[in-house]
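Contents: one structure, followed by commentary.
Just so you know, all these numbers are worked out from the coordinates, no wet-lab data involved. These figures come from a predicted structure and were not determined experimentally. Cβ sites come from the backbone with ideal geometry, for glycine too, and all protein chains shown count toward neighbours.
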Amino acid sequence: MKALIAGAGIGGLTTALFLHRAGIDVEIFESAKEVRELGVGINMLPHAVGLLTELGLIDDLDAAGIRTRELIYANRFGQVVWHELRGIDAGLPAPQFSIHRGKLLGLIHRAVVERMGPGVIRTDVG
């Protein structure tokens, strides 16, 4: 069996890693000329981090992002309106991460290339 994946974004590359782990051959098609680390800061909730942990990427996440311990909302005077522990600090099985979207894409992309080879992703396919 062979799976064809449209898009080498976070979702497509993560899907490729899971399919590869299950023994399914994968080919990824990307319309961009290259996979680039673009974006802004995002928060990865623990359920998503748990999935990437299953793929062996927790050390890469720790190197590229920051474990989010607590979420705090404050008013314009700096007074705390609401706060909540996050991830492991909240008793969940996985941490929450604050990470640049491009860095996240980069570490998943590197895992795909290392595990499946550079030829698995076809770029500039419109």
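Let a ≥ b ≥ c be the square roots of the eigenvalues of the Cα gyration tensor of the range 23-76; is it rounded (a/c under 1.5), or, if not, prolate (a/b larger than b/c) or oblate? The shape class here is oblate. Measuring nothing but alpha carbons in the range 2-122 and taking Rh as the Kirkwood radius, the Rg to Rh ratio lands at 1.07.
Residues 45, 57 in ascending order of nearby Cβ atoms (within 10 Å, fewest first): 45, 57. Applying a length cut-off of 20 Å (Cα extent along the axis) and a mean Kyte-Doolittle floor of -0.5 to the DSSP H helices of the chain leaves 101-116. The mean sequence separation of alpha-carbon pairs under 8 Å and at least six residues apart, normalised by the residue count of the range 1-99, gives a relative contact order of 26 percent.
Using a simple spin-label model with pseudo-atoms 7 Å out from Cα toward Cβ, residue 113 and residue 18 lie 2.4 nm apart.
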